[in-house]
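Asker: Quick one: the structure is below, and I'll ask about it shortly.
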Amino acid sequence: MRKSEVDPCLYIIVDVDFVALISTHVIEYIVANTEDAWYHKFLKAFSARFAVNDLGVLDHILQMSIEWQPFYKGVRISQHRYIMETVEEYNLENINPNKLLWRRFCS
């Protein structure tokens, strides 16, 4: 296992046909990998040392929604929900973004 050079909270294992990514965020962990057997072995070892709640397949994290394609052939990550909540919070539903940008750069 090696630590990512780009993200200090990301750990990576790559071996021929196997890949595992372990992301840490405060007290939350995301484990993504290509083999169910490895995941169960990892979870058992990790659970022996730390309290663990396996929340299943990831669908939201850090204000992002995660949508998995069938058979895990791909993933779509979106911040649509966060964007819409921000729009509503600041009453921006009816604003024209082109006029807003024009005023900002022209003033």
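The values are calculated or read from the model by the stated rules, or taken from the named source; none is laboratory data. All figures in this text were calculated on a predicted structure; none of them were measured in a lab. Backbone-built Cβ (ideal geometry, glycine too); neighbour counts: all protein chains shown.
Asker: Would it be correct to say that residue 62 is among the aliphatic types (A, V, I, L, M), modelled with pLDDT under 85 and within 14 Å of the chain's Cα centre (by Cα)? Give the derivation first.
Answerer: Numbers: among the aliphatic types (A, V, I, L, M): yes; modelled with pLDDT under 85: yes; within 14 Å of the chain's Cα centre (by Cα): yes.
Yes.
Asker: A follow-up question, please. Testing residue 96 on (1) under 30 Å from residue 35 (Cα atoms); (2) modelled with pLDDT under 85; (3) surrounded by fewer than 10 Cβ atoms within 10 Å (Cβ to Cβ); (4) of a type in the set (S, T, N, Q), one condition comes back false. Which one is that?
Answerer: Residue 96 satisfies all of (1) under 30 Å from residue 35 (Cα atoms); (2) modelled with pLDDT under 85; (3) surrounded by fewer than 10 Cβ atoms within 10 Å (Cβ to Cβ); (4) of a type in the set (S, T, N, Q) except (1).
Asker: Any chance you could count how many residues in segment 53-83 are in a strand (DSSP E or B), touching an Asp or Glu at 6+ places or on another chain (Cβ under 9 Å) and not β-branched (Val, Ile, Thr)? I'd like the intermediate steps shown before the answer.
Answerer: Kept after step one, since they are in a strand (DSSP E or B), are these residues of segment 53-83: 60-61, 64-68, 75-78.
Those left that are additionally touching an Asp or Glu at 6+ places or on another chain (Cβ under 9 Å): 61, 65-68, 75-78.
Now drop any that are not not β-branched (Val, Ile, Thr), which leaves 65, 67-68, 76, 78.
Total satisfying the criteria: 5.
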